[in-house]
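S.K.: Pasting a structure below so you can have a look.
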Amino acid sequence: MKSARRMAILPLLFLLSCSGHRSDVKGWESIRWGNTLTNAKALLGPEAHEVVEKPPVQGTPKLGYRARLGIDGMSIGGIKCSVLISTPNDSDKIIAVQLSSADNLTDNLGARASEFQTFMTLLTEKYGAPKIHTRIEQFENETVMWTFPSTTITLAWQEDRFLKIGAVTIEYKATDRISLDRL
């Protein structure tokens with residue numbers, strides 16, 4: 001009887017594991033939220049390098065976290081990206097990862113449109129349908145968000161037609177559980 005029940009459950013478990021939808025995301029690639037920079041550097045290998053940040057412009061708001069490690073020239077879906085790995089200002093425990101297209105800040109709207117669509121397709125295949133999708137056509141801004149108990153993933157495309165520059169980014173960010181508990 002027990003083996004018959006196990007045999008009935010196996011196909012269901014297989015389908016769930018292949019569905020591409022996850023109940024939680026606890027980091028990016030092999031990095032888990034709370035890993036130290038030393039641990040992340042060991043996991044990522046020699047491509048990971050320390051990031052030297054420029055001092056903030058006076059009067060700009062502080063984010064509470066900063067980029068500490070970077071990877072240049074990573075290819076995702078055939079798109080060259082740079083990766084920034086961030087920690088709180090007062091810690092070495094990782095809380096965010098941002099991927100930016102190499103075509104950011106160039107006069108290449110067509111490339112960014114294609115890259116946004118490629119990232120959207122890949123993220124949807126991996127994580128399922130997004131929770132939020134907003135588009136403001138007059139400003140050429142589009143934001144897509146996936147939320148999980150441990151992570152928020154935000155895909156953003158922003159264009160400035162006047163300056164003829166734009167950006168496509170993906171940010172993986174740890175959920176701030178302390179703040180959520182206080183709400």
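FYI, it's all coordinate maths here, none of it is from the lab. All of these numbers come straight from a predicted model, not from anything done at the bench. Cβ placement follows ideal geometry from the backbone for every residue including glycine, while neighbour counts extend to all protein chains displayed.
S.K.: I want the local charge near residue 161. Using Cβ-Cβ distances under 11 Å, sum +1 for each Lys or Arg and -1 for each Asp or Glu among the other residues.
M.R.: Net charge around residue 161: -3.
S.K.: For the peptides 81-93, 119-131, what is the packing order when you average, over each peptide's residues, the other Cβ atoms within 10 Å and list the highest mean first?
M.R.: 81-93, 119-131
S.K.: Once amide H atoms are placed 1.01 Å from N in the peptide plane, what residues at a sequence separation of 5 or more from residue 106, or on another chain, have their amide H within under 5 Å of its amide H?
M.R.: Long-range HN contacts for residue 106: 166.
S.K.: Shifting gears a bit: Net charge around residue 107, counting only other residues with Cβ within less than 14 Å of its Cβ (Lys, Arg = +1; Asp, Glu = -1)? Before the final figure, lay out each step's value.
M.R.: On the way: positive: 112, 161, 164; negative: 103, 140, 159, 160.
Overall, the nearby charge balance is -1.
S.K.: Right, something else. Starting from the Cα gyration tensor of the stretch 71-128, take the square roots of the eigenvalues, sort them a ≥ b ≥ c, and report rounded, prolate or oblate (rounded when a/c is under 1.5, otherwise prolate if a/b is larger than b/c, else oblate).
M.R.: On the way: a/c = 2.55, a/b = 1.54, b/c = 1.66.
Judged from the Cα gyration tensor, the stretch 71-128 comes out oblate (a/c at least 1.5, b/c at or above a/b).
S.K.: Any idea what % of Cα-Cα pairs in the stretch 110-161 are farther than 14 Å?
M.R.: Details: 692 of 1326 pairs.
Percentage above 14 Å: 52.
S.K.: Sticking with this structure for a sec: Give me the net charge of residue 76's neighbourhood, meaning all other residues with Cβ under 15 Å from the Cβ of residue 76; Lys, Arg count +1, Asp, Glu -1.
M.R.: On the way: positive: 80, 112, 126; negative: 29, 47, 72, 103, 115, 125, 171.
Summing Lys and Arg as +1 and Asp and Glu as -1 gives -4.
S.K.: Starting at the first residue of the stretch 76-87, write each ³J(HN,Hα) from the Karplus equation 6.51 cos²θ - 1.76 cosθ + 1.60 with θ = phi - 60°, in whole Hz, x for Gly and Pro.
M.R.: Once rounded to whole Hz, the list reads 10, x, x, 10, 6, 9, 10, 10, 10, 10, 10, 10.
S.K.: Given the convex hull over the Cα atoms of the stretch 60-156, what projected area results after averaging over all orientations, in nm²? Please report the intermediate quantities before stating the final value.
M.R.: Details: hull surface 31.0 nm².
Its average projected convex-hull area is 7.8 nm².
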